[in-house]
1. List the pairs from 300/395; 144/453; 319/353; 144/379; 54/225 whose alpha-carbon separation is above 20 Å, in the order I gave them.
2. From the Cα gyration tensor of the chain, with a ≥ b ≥ c the square roots of its eigenvalues, which class applies: rounded if a/c is under 1.5, or else prolate if a/b is larger than b/c, or else oblate?
3. Sort all Cα-Cα distances of the range 400-455 into consecutive 5 angstrom bins from zero, then give the percent of pairs in each bin up to the one containing the longest distance.
4. Cα centroid distance between the range 408-473 and the range 69-135, in Å?
5. Once you place label points 7 Å from the Cα toward the Cβ at residue 362 and residue 131, how far apart are they in nm?
6. Can you say what percent of the DSSP beta bridges in the chain, counting only those with both residues inside, are antiparallel? Round to 5.
7. Sequence neighbours fewer than 8 away in the same chain don't count; with that in mind, list the aspartates and glutamates whose C-alpha is under 18 Å from residue 24.
8. Provide, as a two-decimal number, the C-alpha radius of gyration of the range 357-440 over 2.2 N^0.38 Å, N being how many residues it has.
Amino acid sequence: MSKYIFIISLIFSASSQAQIASSKNYTADYQTKALSIYRDTIAMRTAKGHNQVKVMAHYLADRFRDGGFDENDINVIPFISPNGEEIASLVVRYQGDDSSGKKPILFAAHMDVVEALKKDWEKDPFTLIEENGYFFGRGTGDDKFGTTLLTAAFLRLKSENYMPNRDLIIAFSGDEETEMLTIEDLVDNHRNLIDAEFAINADSGGGSLSTEFEPISYQLQAAEKTYADFTIKITNPGGHSSRPTKKNAIYDLALALSEIEAYTFPTQSNDITLEYFKMRATAEKNELGRAMQQFSLNPKNIAAAELISTYSGQVGIIKTTCIATMVNAGHAENALPQSAEANINCRLFPGVKVNEIHSKLREIVSNKDILIEVSGNPKSAPASPLREDVMAAIKKAVHAQFPDLPIIPYMTTGATDGRALRAGGIPTYGSTGQFARAEDSFAHGLNERVLVKSFFDALEHWQIVIHELSESK
Ligand SMILES: [Zn+2]
């Protein structure tokens with residue numbers, strides 16, 4: 001680095017100091033309480049296999065007890081995960097006066113985190129460390145941000161004797177990052193505890209900041225694609241490789257894979273993706289922006305759809321995709337392969353059924369000796385129709401901080417607990433209240449971090465969202 005550049009970069013870092021907030025500036029009782037919950041739960045290594053999910057569920061249950069919640073409204077629900085670990089979900093009900101006559105609202109987040117190894121991180125991942133305006137630690141973003149903010153919001157409202165006009169429910173799952181079975185357990189076996197008109201999931205959505213910490217937009221997640229794996233497999237009698245036969249499992253598999261590669265699933269859209277493309281179009285200045293604009297006006301515009309499909313970040317938003325991700329074939333260098341198989345990973349557009357895709361793959365693969373099987377038990381979920389009340393509440397909360405900031409509904413191509421809730425008939429909207437720069441996004445990765453300012457701003461964000469959704473006007 002030359003001296004000149006070094007001086008410039010010093011000036012830049014000095015100007016970004018203006019963005020730096022310290023937790024020492026946030027001294028209200030509810031703020032210090034939220035920070036202590038954040039610190040205590042980040043210290044719990046709730047990654048798979050460390051027996052801390054249950055510990056965290058009980059720790060939070062105690063916070064709700066201390067906060068005046070009735071014992072009957074606090075439920076730690078034990079669950080044995082497939083590896084034999086005892087995990088748990090936590091469900092807490094905030095009783096309203098029922099004056100609205102409406103079903104409850106569910107607020108979801110997950111207690112588990114992706115594993116983090118101390119030796120790989122610059123700092124201890126399981127100690128909340130504040131530095132240069134950031135909180136560092138595994139789960140600071142995903143998703144102890146969500147569990148802390150929701151817990152703190154409920155405790156604060158209770159301490160203010162707030163009476164919602166309907167019940168509010170917290171549901172924290174225990175294995176979102178791995179099997180996602182605890183959320184299914186709640187949907188299938190404890191429906192009475194979590195049944196709601198709709199859910200806000202504090203595990204997706206949120207605001208984007210530019211490199212200079214300027215707000216760009218706020219995203220509300222209203223749909224997720226369904227994740228489904230298919231195994232395609234062929235077996236042959238095999239034999240000695242010096243005496244090749246016409247039948248060869250590897251060639252058969254290769255042909256089937258080429259047929260799948262050549263197939264393009266039809267373009268699809270829903271009100272969320274059309275709204276997303278419409279709003280994103282204004283931010284994209286290039287040909288992609290123009291195509292998004294055209295597609296949002298006319299989803300039958302084939303040229304626009306084709307152009308969008310060439311962008312890997314967008315292709316998943318206009319169609320179901322199926323792609324080969326793993327192959328396994330043969331057993332020796334000098335033997336004809338007795339078997340060859342591949343994994344086809346599909347991401348289904350909301351509303352598309354798993355068995356439809358199964359039949360489609362069957363149709364695409366011309367060799368009928370090839371077996372095609374669904375792996376596991378994927379359930380497809382619909383998109384959640386955009387609701388005016390949810391949009392208005394998020395808008396009010398976001399605009400209290402950043403007036404006029406665009407709010408963009410979107411669909412993710414990955415999956416969260418929201419998928420199981422939607423599949424179970426509870427429309428779900430992902431919104432964390434967190435604002436972050438793209439370059440600070442380290443969820444699942446190393447040195448996960450969240451802006452200190454964003455953490456405390458989100459406390460106010462949730463306060464507004466909950467008031468808006470459960471206050472008689
Ligand atoms: Zn998450």
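Just so you know, all these numbers are worked out from the coordinates, no wet-lab data involved. From a predicted model like this one, the values you see are computed outputs, not experimental measurements. Note: ideal-geometry Cβ built from the backbone for every residue, glycine included; neighbour counts use all protein chains shown.
1. Numbers: 300/395 31 Å; 144/453 16 Å; 319/353 13 Å; 144/379 26 Å; 54/225 30 Å.
Check vs 20 Å cut-off fails for 300/395; 144/379; 54/225.
2. Working: a/c = 1.64, a/b = 1.50, b/c = 1.09.
Cα axes put the chain in the prolate bin.
3. Binned Cα distances yield the sequence 4, 12, 18, 22, 20, 15, 8, 1.
4. Their Cα centres are 14 Å away from one another.
5. Each label point is offset 7 Å from its Cα along the Cβ direction, giving 5.6 nm.
6. Details: 48 of 70 bridges.
Close to 70 percent.
7. Hits, sequence-local ones excluded: 40, 130, 131, 457, 460.
8. On the way: Rg = 19.2 Å, N = 84, 2.2 N^0.38 = 11.8 Å.
That works out to 1.62 for the range 357-440.
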